[in-house]
Amino acid sequence: MISHPPVTDTERVLTGIWSEVLEIPEVGVEDNFFDLGGHSVLLHMIQDRIAARLGKTAPLVDLFQYPTVRGLASHLDGGAAGEPLRREALRAGGRARLAGRRDRRTRTEAGGTGSGE
């Protein structure tokens, strides 16, 4: 059973599209596209199917900003609940990941294993 099933028509269409594109049996409306294995190439397929089935334009930047069905559906329907990810949060997360990679690389170059020792 899906933990967060679709409620609106747009959510139902989007969960169907994501299931097809990601080739998984079920998608909850709070599931993150990228956590489910999605990537930028698949977003083009999502974009095309949204246009075909909903008759709405979904620029790629919107698909990155609204990575859940609920957020994207709300955005496409003109609602406020689909607030995009804040740029500051994205930057902070990116900086943290880069710092972690840099630390591992530095340990490896210094003769460590880079495995968190």
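Structural remarks
- Packing rank of 68-79, 18-29, where each peptide gets the mean count of other beta carbons within 10 Å, highest leading: 68-79, 18-29
- Cα-projected label distance for residue 24 with residue 45, points at 7 Å along beta-carbon direction, nm: 1.4 nm
- Segments 51-61, 5-15 sorted - mean Cβ within 10 Å per residue, highest first: 5-15, 51-61
Every read-out reported here was derived from the displayed coordinates using simple, explicitly stated rules and does not represent laboratory data. Just so we're clear, the structure is a prediction, and the values are computed from it rather than from any experiment. Neighbour counts are summed over all protein chains in view; Cβ atoms, including those assigned to glycine, are modelled from backbone coordinates with ideal geometry.
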